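Notes for the one structure printed next.
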Amino acid sequence: MTWIAAISRGHNSGVCLMKDGEIVFSLEEERLTRLKWDGAPLASIVKIKEYTDKLDYFVIAHTTPMTCHAEVKLDYCQDDPYYGLLRKLGLIDTVTNKWKEGTYRECVTGGRWPLNVIDMGTIHHRCHAASAFYNSGFDTACAVIVDGAGSWVNFGIKEDDLHDYWETETIFDCAYPHKFDTRYKHIGTKFVSNFMSQSGMNSRFWSGYGKEPYLMDWESPENENHELVVRMGAGIVKTYEAITDYCGFPAIEAGKTMGLSPYGEPCDYLKPFFNNLGDMELKYADNEYFTPKYPNGALFQAFYEPEIRKFPGQEGVEGENLWDVDSRKNAAWRVQNDTQEQVLDLIRKAVRMTGQKNVVIAGGYGLNCVANYWYLDQLKDEGINLYVEPMSNDSGTAVGAAQLWHHYITKDSEKRDRITDLYYGPQYNHSQTEIEEMSSKYGAEISDADDKKIVDLILNKNIVALFQGRSESGPRALGNRSILYDPRDPNGKDHVNSVKHREFFRPFAGSILKEHVHEWFDLRGMDETPFMMYAVNCQPGIEEKIPAIIHVDKTCRIQTVTEEQNENYYKLIKEFFEQTGCPIIFNTSFNLGGEPLVETLDDGIRTLANSDIEYMYLPEYGKLITIKNKSVGSMNINKFNGDGFSD
């Protein structure tokens, strides 16, 4: 029996615990701490103790190795915070003076690590690729990773002020058990530096510095030869972050920009955001428009065109918010259009370079469900099989790191089946007494309920939260931590956006019985879409039937549901179908603006108490929790809601 725990330690931090190669649980830190995008997954590490008292391996995924953070250490013992916590919890052995040389490593903090602590901070994009490949069901594939800033690249320069080169896009050639050979890599920097494009680049040159010698065998002989592009400028995601900032949103909330993009249109004053550089095969971001702030954020140079400089309150400018000004809507359209074209070029380049027809996509841009659907149309005649990783945000690198280490130590070459669900959160089992005690704390009432009663509430224009089972991994609510409503209500989008404290333009998703999906939506050749990774076109005549979940561009982000994937949710949607003839239900994440998805039952009841949502259904217990609170009114909500492209 082998226990492996891996963490991602930056924004969207989290833990993945594996036992003999199978995921026991995967959880983002924010779900426990209730702080959006929280880093340093200490609370999640503590959760490991509920499943095992000892770990065989602990893997650290991030964009920099722990050697870059020597100043962060615990008092007296000099341990880094992660090993220190594991040691104190008894999950990893304490290195003492009795340990023989060669059984531990000296760490830059001054402490010591046992050899079963593995630092993957220099292979961020490879961790993304691992999660996508091992989850895809392919035996071989090429991986296209498109990220804001992957691992920091040193180039052998040790001066601290020059530590500012970051991987932005990477192509890998993937195969079992753990082959992830680099074929192409784009590295961006904010420094004024000479442009470099070189084939036959040795990966060890740029990724070896700062690694422990025992990790050098990550680089296989085949991986020593790839195309490398280094330039001052923004990567693909950095352009999206810049426009997101220009629209008045935090750079990490690209999903809002994606939702705003169909309100814009092509215009004369915004030229294409990407240009050819010499005889390069790919285009790269226009430096006259974009200034990256690696590793986080970017700026759009709004002073170049008069139209771009318009702000609310100026004469002749309509709209009260930045995003409501035409120049912002048009910029959102432009960045969506231009970035998806660049990723399409990367996909085709990956196929040419590797000879693979199976393509997996991950990294932050993988959550762009508009682009993902567009690729299907563009590639339909090219024989390419596409898989988009639903855990494409950085929490997914914990899963990838654990999977990668498992295959590395076991050399397991058996192909894994494609994943069918994402219910990887911890399991919660409550007694009737516990439910009553939690409910009474918030003045909530408990009553018996079944699917028919819940559908009756929804048909009377009530919002009903659904809480059951293990929480979803990744940013999408898939029926275990969801808010449900009637998709046929013409005012439904505005109503739920108001209750959740979201901008009016932001669209909602729907969950549909899989057997009916092709009657209602065009999946462009797919049989199902269980993870809401595509914003798909509705069939003719459907828009009028479910207006609450159809966006202005006549698309909807859809989750197909089967009884095998989620029995309780399937039966609830089926009851709605039997009463209405509509096999789809309005589904959005169970949270309010500025908060992470609900994780615990207490989180759910507290959300009811602090909002205009009055009902929460617990199908496993046949109970309905009710708080009559229509007078709650407005709340002091942190405005920074959203999660990358999760929207």
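The values are calculated or read from the model by the stated rules, or taken from the named source; none is laboratory data. Since the model is a prediction, treat every value here as computed from it, not as a measurement. With ideal geometry, Cβ positions are generated from the backbone for all residues, glycine too; neighbour counts draw on all protein chains shown. Heads up: the accessible areas ignore ligands, DNA and RNA and are worked out on the full protein's heavy atoms, side chains in. Shrake-Rupley method; radii C 1.70, N 1.55, O 1.52, S 1.80 Å.
Some observations on this one:
- Cα-based reach from Lys185 at 27 Å (exclusive), listing lysines while leaving out same-chain residues under 8 positions away: Lys158, Lys211, Lys238, Lys271, Lys283, Lys293, Lys349, Lys357, Lys380, Lys411, Lys415
- Region 580-598 residues near the modelled His516 label - backbone nitrogen below 12 Å, point 7 Å along Cα→Cβ: 580-586
- With the charge dipole of the chain set up from +1 on Lys and Arg Cβ and -1 on Asp and Glu Cβ about the Cα centre, the Cα lying farthest toward the positive end among the listed residues Leu367, Ala130, Gly479 is that of Ala130.
- Rounded Å value of the spacing that divides the Cα centres of region 495-535 and region 328-397: 19
- Using a cutoff of 8 angstrom between alpha carbon atoms and counting only pairs six or more residues apart, the relative contact order for region 1-135 works out to 23 percent.
- Lysine pair count for region 1-132 [Cα-Cα under 18 Å; pairs on different chains or 8 or more apart]: 7
- Placing unit charges on the Cβ atoms only, positive for Lys and Arg and negative for Asp and Glu, gives region 487-531 a dipole magnitude near 280 debye about its Cα centre.
- Each peptide in 389-401, 28-40 was scored by the mean count of other Cβ atoms within 10 Å over its residues; highest first, the order is 389-401, 28-40.
- Dipole moment magnitude, nearest 20 debye, region 316-427 about Cα centre, only Lys, Arg, Asp, Glu C-beta charged: 540
- Positive-end residue, region 266-370 charge dipole about Cα centroid, Cβ charges, pick of Cys267, Pro306, Gln356: Gln356
- In region 28-150, taking the dipole from charged Cβ atoms about the Cα centre, the farthest positive-side position among Leu85, Cys107, Pro65 is held by Leu85.
- Around the Cα centre of the chain, unit charges on the Cβ atoms of Lys, Arg, Asp and Glu (plus for the first two, minus for the last two) sum to a dipole of about 640 debye.
- Highest-first packing order for the peptide set 144-153, 379-388, 598-607 is 144-153, 598-607, 379-388, based on the mean count of other beta carbon atoms within 10 Å.
- Residues whose amide H falls under 5 Å from that of Arg481, counting only those 5 or more places apart or on a different chain, are Glu472, with hydrogens built in the peptide plane.
- Helix content alone sets the calculated 222 nm mean residue ellipticity of the chain: runs of n ≥ 4 DSSP H residues at -39500 (n - 2.57) each, divided across all residues, give -7500 deg cm²/dmol.
- In straight-distance terms, cross-link reach from Lys461 covers every one of the lysines whose alpha-carbon lies under 19 Å from its own, apart from those fewer than eight places away in the same chain; here that gives Lys452, Lys453, Lys493, Lys500, Lys545, Lys574, Lys628, Lys630.
- Whole-percent carbon and sulfur share, accessible surface of region 14-155, 1.4 Å: 51
- Calculated FRET value between Glu307 and Trp99, using beta carbons and R₀ = 51 Å, to 0.05: 0.15
- Cα-based radius of gyration of region 479-593 once divided by 2.2 N^0.38 Å, which approximates compact folds: 0.98
- A simple packing score, the average count of other Cβ atoms within 10 Å per residue, orders the peptides 4-10, 489-495 as 4-10, 489-495, with the highest score first.
- Rolling a 1.4 angstrom probe over the protein heavy atoms with all chains in place gives the chain an accessible area of 37 Å² per residue.
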